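Q: Would you mind keeping the following structure in view while I ask a few things?
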Amino acid sequence: MDWLILHNVAALTAYIRNYGILAPVITFILFTLQAIFPVFPYVILTAATGLLFGFKTGFLLSWSGALTGACIAFWLCRWLGSEWVIARFQSRFDFDLRGMDSRLAFWSIIIVRIVPVVPTPLINAAAALGGVSFATFFFASAIGKLPTALLYTGLGLSLFKIQDIKLTLTILGVILFLILAGRYLKQNQKVNPRS
């Protein structure tokens, strides 16, 4: 498959539509792969899914596929994890993964999934290598992935069908706010690190 096609909503929609009745299965697989190896944009895939399957089915496919991929990545990282990865993460982000508190991990995973500051593979790896239980990871990820799946599915429908300009502007405003808030929190955390 030509991965460049996945950077264009119209081309991706046409590509998925070619699979006929298997289109939902292919879409689920694409979301799963995207969560493990994010080589194409989640927002493009989610927008195309919303266009093809409508809001409810599009949301369900994007949320469940991304959650499945995150869980697979979690187990791969746990299985392949090494001291080298933990040391590299600690040197880059000045955080010891092995010292995570489960309650703090739960809320941290939710927040970093909602506010798009930390790349998904790092969240999966940090949780797996940090000793976070799978149950904590699963439920925090399930909750944290809800807002982006909802927003991007709605964004795809409203932007590409252009039926409701108010909804489109509202969704874009919320996404912009989340991005700016995430960057502000990240910069504030660097300025005032906790001991």
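Q: Find the residue count for the range 14-68, including only residues that are more than 23 Å from ALA135 (Cα to Cα), polar (S, T, N, Q) and either free of Cβ contacts under 8 Å to residues at least 12 places away in the same chain or buried (at least 19 other Cβ atoms within 10 Å of the Cβ) (or both).
A: Going through the range 14-68, the residues more than 23 Å from ALA135 (Cα to Cα) turn out to be 14-27, 30, 38-58.
Restricting the remaining residues to those that are polar (S, T, N, Q) gives 18, 27, 46, 49, 57.
Of the ones still in play, those that are also either free of Cβ contacts under 8 Å to residues at least 12 places away in the same chain or buried (at least 19 other Cβ atoms within 10 Å of the Cβ) (or both) are 18, 27, 46, 49.
Residues that pass the stated criteria total 4.
Q: While we're on this one: Say we look at the range 78-108 and pick out the residues that are assigned to a loop (DSSP other than H, G, I, E, B) and of a type in the set (Gly, Ala, Ser); which of these is modelled with the lowest pLDDT? It would help to see each step written out before you state the result.
A: Residues of the range 78-108 that are assigned to a loop (DSSP other than H, G, I, E, B), as a first pass: 81-82, 94-96, 100-101.
Among the residues that remain, those that are also of a type in the set (Gly, Ala, Ser) are: 81-82.
Details: GLY81: 71, SER82: 66.
It comes out as SER82.
Q: Just one of the numbered conditions (1) part of a loop (DSSP other than H, G, I, E, B); (2) over 18 Å from ILE44 (Cα atoms); (3) at pLDDT below 80 is not true of PRO116; which one?
A: Unmet condition: (2).
Q: Considering each residue of the range 35-53, count those that are in a helix (DSSP H, G or I) and more than 16 Å from LEU151 (Cβ to Cβ), and give that number.
A: Start the filter on the range 35-53 by keeping residues that are in a helix (DSSP H, G or I), which leaves 35-36, 42-53.
Restricting the remaining residues to those that are more than 16 Å from LEU151 (Cβ to Cβ) gives 35-36, 52-53.
Within the range 35-53, residues that are in a helix (DSSP H, G or I) and more than 16 Å from LEU151 (Cβ to Cβ) number 4.
Q: Checking LEU67 against (1) in contact with a helix residue (DSSP H, G or I) (Cβ under 6 Å, 6 or more places away or on another chain); (2) under 15 Å from LEU151 (Cβ atoms), which test does it fail?
A: (2)
Q: Go through (1) assigned to a helix (DSSP H, G or I); (2) surrounded by fewer than 21 Cβ atoms within 10 Å (Cβ to Cβ); (3) touching a residue at least 12 places away in the same chain (Cβ under 8 Å) and name the single condition GLY131 misses.
A: Going through the list (1) assigned to a helix (DSSP H, G or I); (2) surrounded by fewer than 21 Cβ atoms within 10 Å (Cβ to Cβ); (3) touching a residue at least 12 places away in the same chain (Cβ under 8 Å), GLY131 breaks only (1).
Q: If you check THR68 against the conditions, is it at pLDDT 80 or above, over 18 Å from ASN124 (Cβ atoms) and part of a helix (DSSP H, G or I)?
A: Numbers: at pLDDT 80 or above: yes; over 18 Å from ASN124 (Cβ atoms): no; part of a helix (DSSP H, G or I): yes.
The answer is no for THR68.
Q: Consider SER133 carefully, then state whether it is modelled with pLDDT under 80, out of contact with any Cys (no Cβ under 8 Å at 6 or more places or on another chain) and among the polar types (S, T, N, Q). Talk me through it step by step, then tell me what you get.
A: Values: modelled with pLDDT under 80: no; out of contact with any Cys (no Cβ under 8 Å at 6 or more places or on another chain): yes; among the polar types (S, T, N, Q): yes.
When the stated conditions are applied, SER133 does not pass them.
Q: Go through the range 1-36 and give me each residue that's modelled with pLDDT under 80 and within 13 Å of GLY58 (Cα to Cα).
A: none
Q: Further, regarding this structure: What number of residues in the range 117-148 are among the β-branched types (Val, Ile, Thr) and under 18 Å from ARG78 (Cβ atoms)?
A: Start the filter on the range 117-148 by keeping residues that are among the β-branched types (Val, Ile, Thr), which leaves 117-118, 120, 123, 132, 136, 143, 148.
Filter again for under 18 Å from ARG78 (Cβ atoms), leaving 120, 123, 132, 136.
Adding up the residues that qualify gives 4.
Q: Condition first: in contact (Cβ under 8 Å) with a residue 40 or more places away in the chain and under 28 Å from ASP94 (Cβ atoms). Now tell me which residues in the range 134-156 satisfy that. Let's see the steps before the verdict.
A: Narrowing the range 134-156 to residues in contact (Cβ under 8 Å) with a residue 40 or more places away in the chain: 134, 137-138, 141-142, 145-146, 148-150, 152-156.
Within the range 134-156, PHE134, PHE137, PHE138, SER141, LYS145, THR148 qualify.
The values are calculated or read from the model by the stated rules, or taken from the named source; none is laboratory data. Quick caveat: nothing in here was measured; it's all calculated off a predicted structure. Because the Cβ atoms are built from the backbone with ideal geometry, glycine has one as well, and the counts that use them run over all protein chains shown.
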